[in-house]
Amino acid sequence: MGKVKGRSGPLAQRPDNSAFKQQRLPAWSPMLTANTVLPFFYLVALLCMFLGVWLLLTVQGTQELKLDYTEAGTCKGCFDMRKNASKAAEPCECRLDFEIKKAFKVIFLNEQQILTFGSTQVASSTQKKRGDVFFYYGLQNFHQNLRRYMDSRDDGQMVGRKNKLMNPSTYCIPFNTDQAGRPIAPCGAVANSIFNDSFTLHYRGQVVPLLRTGIAWYTDKNIKYRNPSNGNMTLAQVFNGTAPPPYWHKPVYQLDPLSPNNNGFINDDLIVWMREAAFPNFKKLYGVLRRAATPFTKGLPAGNYSLNVSYNFPVQYFRGRKEVVLTTLTWFGGQNHFLPVAYLVTSCLILLAAVVLTVVWFKFGKTGRKMQD
Amino acid sequence: ETLKQQEDEELRLRRDFALLLPFSTDLVHTEEERRVRANDREYNEKFQYSNCIMTSKYNIVTFLPVNLFEQFQEVANTYFLFLLILQLIPQISSLSWFTTIVPLALVLSITAVKDATDDYFRHKSDNQVNNRQSQVLIRGLLQNEKWMNVRVGDIIKLENKQFVAADLLLLSSSEPHGLCYIETAELDGSEETPQFTYRLKVPHHLQKEQDTRHLTAALVCEPPNNKLDRFCGTLYWRDKKYTLTNQNMLLRGCVLRNTETCYGLVIFAGPDTKLMQNSGSTKFKRTSIDRLMNTLVLWIFGFLVCMGVILAVGNAVWEREVGSLFQSYLPWDPSVDNFLFSAFLSFWSYVIILNTVVPISLYVSVEVIRLGHSYFINWDQEMFCSQCNTAAEARTTTLNEELGQVEYIFSDKTGTLTQNIMTFNKCSINGQTYVLRSPFYLQRLDFTPFNPLGGYLVYKAQSPDEGALVTAARNFGFVFRSRTPGTITTTEMGRPVTYTLLAILDFNNIRKRMSVIVRDPEGRICLYCKGADTVLLERLHPCEQELMNIYLDCFNTDGLRTLALAYRDLSEDEWEAWSESYCCADKATSCREDRLAAAYEHIEQDMMLLGATAIEDKLQEGVPETIAVLSLANIKIWVLTGDKQETAVNIGYSCKMLTDDMPEVFIISGNTVHSVRQELRLVCLSAHALEADMETEFVSTACACKAVICCRVTPLQKAQVVELIKKHKKAVTLAIGDGANDVSMIKSAHIGVGISGQEGIQAVLASDYSFSQFRFLQRLLLVHGRWSYLRMCRFLCYFFYKNFAFTMVHFWFGFFCGFSAQTVYDQYFITLYNIVYTSLPVLAMGIFDQDVPDQRSLEYPKLYEPGQLNLLFNKREFFICIAQGIYTSVVLFFVPCAVLSDATQSTGEPLADYQTFAVTTATALVIVVSVQIALDTGFWTVINHVFVWGSLGSYFSIMLALHSQTLFLIFPNQFHFVGRSPLLVVLTDRHID
């Protein structure tokens, strides 16, 4: 082994004297001593402390309001009606009154911050007017993270592949074709179960204007979802021959009657829904306050509001709850107390450990050194 | 009656030996005896094998199926194949098929490439060997044939320096007296070692070349076997019977030397040759870490099943309580009709997901690390002996870490502790002792002080003792000049004398003596016997025995090897009578050896003492220091030697095993063990103490001692001692020796070390490690062994940790995703985690890590102790690693879970989506395990840096690639995690501006 041909003489078999073969590669052996470790501990504790306090202050600056409307107000009637499967398609409107005690004030951000921390939105003329009050719908106990549920979609179809449009992936079974054999677009359980309640918020008899686009992830909106196109054909013509998912009341090309560019697979609500939540309790963005006109230029003023709900989505089957969340955001996002608290707890633990180690070092350090000698 | 006893003893020994070395008696063939006719190809058709050998296992067509079949006999590989099959069932498949097949294929192909390379070289050497030319007599004419076409019964002609093509019966030789000389190079396995020249005899009357040309002889002999030193057969030629022995055989693998030509009859060909019969596989040794690892893997299997059951129960409950209600959104699979069946499927799905707790790459990584350590042993310059130009060699690559756990060393004495270079030191003749002061001057001895031939005649002997004796005799003027089968010629004080050799009564380990019967020029017949003093003592004439003791007492105190010499005058009648019984025994086909031994015993009686010789065997360099260092490392060294008690004790003192401050030196002989049960400091055990019923007492007594020297032990007893300690102490044993008598000990110890020295290389061939100096043992154990153990332990701890941290996250996620066997990470991450993201840093640590430099571990032998106490990796350590892994998984799952459920981007989009969660957790995992390996690594070489930073870099670059638009637009259903880096966004936006 390790013989080098052509060598001869009495030392022909002598192994090479290379640092690698003799295991003498230059190397750094970290020596952990009190002088290096203790300052590191204190430094990390301070860093965590600083981060925790900073984040906590930031989070304190946000406001959040959660409204469970599953059975609240007049929605109780709709809730009962949805229990009856035969009336599933019948529309049901309900209303919920609530009060905002403290105005949702907007914390202004410059664009650079948005780009750095938020990552996706490119400033445009409409977005300059958009406010930082966000309207979410939330679902509880709805499992978007079931394995078979998550598989039940066809990204090829959603990115506009025409062969997939007419011939959806087998993963979509049983939501790939309708009873007549027409392909379903968009296919699969995810799209089929889309959250289809809609909301209007009223303040003093005035509709609170909500921006209903620009609420999806940049990559989703711009890369992941594309309508199939075929020359100059309209969307309806392109989708001709496909069926909407069974639970849908309208076809995919008519999702947004107001904005023709927000239809088909690139509808923002659909895109938001198709990005599956990781946990059974989740919220998804519904709209952003449009601060173009008074009294909403500085956010939501305090006062009485009413929420009109078009109550379509049944949750009683799976013992779920529905809610609406209103919140203001900072660069760090919305109300999220866990991370600052986690930082503070970590900081305290490290500090405690550091103090204990320091005491030990002071008390026994010298003897330890003696033992080394 | 004594004869009977001895026979019984020998039979028992053989039986035990056979049990100990099962392969040596393993006869594969059912052939009971072999009948060959020379030059009769039709008759010899019945023999299965031609001379074509095939050591290769595969050819191009069979490679894939056979190699795969062999690999799938490994339990781990079969397990992963089973997983793969599970994954192909759509209802169960929770992961894409490639998450298992990519690592499995990688592991299989690494092994397959290694096997293929090995086999390619075997093919090459087979082809080369099979196509060697040899000259075969066909119908009386010499024709060139390839080796592979040579058949049994052919007569072939060999020329000088040619390899012997098959096992041949020597028929004629060009040399006088029908001798021919061979070297046993290939037979011993190495071309580098000193070769011995053996003399072979042609059976009488068969020496003329003409005869062989048309030889029509028949031969009956034993069936093919692997005994190199035995052959027994009968040749029938012209109505006469000739007994054939091993001395008439030319074995395949030898090289003809100093012989112009010779003819031989092929008896065993191809796979039947003794060379091929000996190349069988030996017993496979496993380390204690191996066994522990297998146990732990089994436990992990159990753990996996438990987790699967817990999650399946969870699934049953969930499906019944929630899932059945959720059916309007997600109907059950058509094949699932109730929640119990769903739970059953979920169990298998979770077995697939959680299979990574049983790491597929564990075994391959362990092999790679061990191979690396073996290379470091081979490359170590400090274990290179420049005198003999031999580097240390790790002949087994699977035992390295056990070198760090050795508690008992069993050492041979001669050639291991000593140099086995014998110098004649003393002799005692007729009651007078002569001491050799200078090489050529013997005090008070009236021999010619210098012999002019001394410088020119160099003897080569199979035994160093004989070499020393003959050399000494030469120096005193009695020069051994030549030897033919029937004569011995010497020059005695300048006068040539030729003795006629009548018989040689051969040496073996049981007889411990050998004799010759010669007729001197005056016609007197005399038997000369040389052997161990105790053996000879029993056979001396009663009046001589007193004298013998006087001789020996003055030698023994010096630790010299003594041989006693005796003679007996035989009358013509005595010789005639004995010669007849000897011939009879010699020709016997059954129990030939036993009969010969009895015949020898008969004549070696009533001998007269000639004198005794003492040969000094010097200690090897550095032996006392090595023993001192090893004792400080709490390693107990036992010397097992066949020498006498006094010699052994003296060697003990000179090795500093025994020191003067050891107050009590107990010497136990016979059956007096019963009486010695107090605190003992040293026991010098006589071999009789090894009777079966005293095993436990022997062990407990011997283990209470500081040093143990066992003397007068036979090779078998050496192995028995080792087995005894293995059985009673559960400690790791190492046996070190250099000669054929150490082979059984080397094979039965956990680790066998062979010293490549003077006594051939049989011990080296049987060993796991070999080097040429005893003192290298301290470096092998304290440096290489210690490092190997440390590295392997650190490697295993980290390996189990990283897989638990990785896998258990799925378990926690199960409670949130309705136990639906959804994974936390995406499938590419799962595929690449073990083979790309985390494989190399831990390999680098496992191969290169050092806690203290090598000089330090030699200076402080106490550093060796953690290995002996098995502190660095045991079940407790394993549970700590597992606990740490599970803790990491808890943090890795619940912190992102809690943070992300409420988090939103600054633009309002919630971050609680699956993609964000998966990527966050995966990234955190890779960073955490990289930090952990950074903390575990104690020796940061360039390679460690490259691997650690490279792994992190590879993770981020692969992530960027997998999340790229390009891949998504090509395969939208396979790469659905599209994303973009904020950094890139900033850069591109600026660019656009």
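All of the numbers you see were taken from the coordinates with simple rules; none came from a lab. Everything numeric here is computed off the predicted structure, so don't read it as measured data. Glycine gets a Cβ as well: all are built from the backbone with ideal geometry, and neighbour counts include every protein chain shown.
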How would the stretch B:337-379 be classified by its alpha-carbon gyration tensor: rounded, prolate or oblate, with rounded meaning a/c under 1.5 and the a/b versus b/c comparison settling the rest?
prolate
Inter-label distance for B:Leu88 and A:Ile173, nm, one decimal - labels placed 7 Å from Cα along Cα-to-Cβ:
1.8
Residues whose placed amide H lies under 5 Å from that of B:Ala707, excluding near-sequence neighbours
B:Val683
Estimated FRET transfer efficiency (A:Ser29, B:Ser109; beta-carbon r; R0 56 Å; 0.05)
0.95
At R0 = 60 Å, how high is the FRET efficiency between A:Ala353 and B:Glu260 if r is their beta carbon distance? Nearest 0.05 is fine.
0.10
Distance between modelled label sites at B:Lys706 and B:Arg230, nm, 7 Å Cα→Cβ extension:
4.6
Hull surface divided by four, with the convex hull built on the Cα atoms of the stretch B:131-170: how many nm²?
2.8
Using alpha-carbon positions, what is the distance between the centroids of the stretch B:842-884 and the stretch A:221-287, in Å?
60
Please give the average number of partner chain Cβ atoms lying within 10 Å of the Cβ of each residue in B:813-825, rounded to a whole number.
4
Semi-axes of the stretch B:717-856 from the Cα gyration tensor (sqrt of 5 times each eigenvalue, largest first, whole Å) come to 46, 19, 13
Once a ≥ b ≥ c are taken as the square roots of the eigenvalues of the Cα gyration tensor of chain A, is the result rounded (a/c under 1.5), prolate (a/b larger than b/c) or oblate (a/b not larger than b/c)?
oblate
Mind checking the full-extension length gain between B:Ala934 and B:Ile510? Use 0.36 nm per residue of separation minus the Cα-Cα distance, one decimal, nm.
146.6 nm
Of the options B:Ser109, B:His123, B:Gly140, report the single residue whose Cα projects farthest towards the positive end of the charge dipole of the stretch B:103-146 (beta-carbon charges: Lys, Arg +1; Asp, Glu -1).
B:Gly140
Calculated [θ] (222 nm, deg cm²/dmol) that DSSP helices of n ≥ 4 give over chain A, each run adding -39,500 (n - 2.57):
-8500 deg cm²/dmol
For B:Trp97, B:Trp348, what ranking results if the residue with the fewest other Cβ atoms within 10 Å of its Cβ goes first?
B:Trp97, B:Trp348
Among B:Ile289, B:Ile53, which comes first, then next, by fewest other beta-carbon atoms within 10 Å?
B:Ile53, B:Ile289
Cleavage-rule hits (trypsin sites (Lys or Arg not before Pro)) in the stretch A:288-373: DSSP loop, at most 14 neighbouring Cβ within 10 angstrom
A:Arg319
Pick out the long, greasy-scoring helices in chain A: whole DSSP H runs spanning 20 Å or more along their own axis by Cα, mean Kyte-Doolittle at least -0.5.
A:34-60, A:338-372
Run through the stretch B:224-267 and list the trypsin sites (Lys or Arg not before Pro) located in a DSSP loop whose Cβ has at most 10 other Cβ atoms within 10 Å.
B:Arg238
Within-13-Å neighbourhood charge of B:Cys881 [Cβ basis; K, R +1; D, E -1]
+2
What nm distance separates the two modelled labels at B:Val309 and B:Thr243, each placed 7 Å from Cα along Cα→Cβ?
7.0
Quick check on the stretch B:68-133: take the gyration tensor over C-alpha atoms, sort the square-rooted eigenvalues as a ≥ b ≥ c, and tell me if it's rounded (a/c under 1.5), prolate or oblate.
prolate
How many Cβ atoms of partner chains, on average, are near each residue of A:271-283 if near means within 10 Å of its Cβ?
5
Of A:Leu25, A:Leu326, A:Leu255, which is the most mobile in a GNM of chain A whose springs link Cα atoms less than 10 angstrom apart?
A:Leu25
For B:Val836, what is the net charge nearby, where nearby means another residue's Cβ is under 15 Å from its Cβ and Lys, Arg count +1, Asp, Glu -1?
0
Summarise the long-distance tail of P(r) for the stretch A:146-215 by giving the % of C-alpha pairs beyond 15 Å.
62
List, in order, the whole-Hz ³J(HN,Hα) value for each residue of the stretch A:191-197 obtained from phi through the Karplus relation with A = 6.51, B = -1.76, C = 1.60 and θ = phi - 60°; use x for Gly and Pro.
5, 4, 8, 4, 6, 10, 6
Surpassing 31 Å at the alpha-carbon level, of the pairs B:Lys161/B:Lys530; A:Lys102/A:Lys224; A:Lys250/A:Lys284; B:Lys114/B:Lys285; A:Lys224/A:Lys322; A:Lys105/A:Lys250, are B:Lys161/B:Lys530; A:Lys102/A:Lys224; A:Lys105/A:Lys250
Using the 10 angstrom Cβ neighbour count as an exposure proxy, how do B:Val928, B:Val722, B:Val942 rank, fewest first?
B:Val942, B:Val928, B:Val722
Using a Förster radius of 30 Å, what is the FRET efficiency between B:Glu877 and B:Trp812 based on their Cβ-Cβ separation? Nearest 0.05, please.
0.75
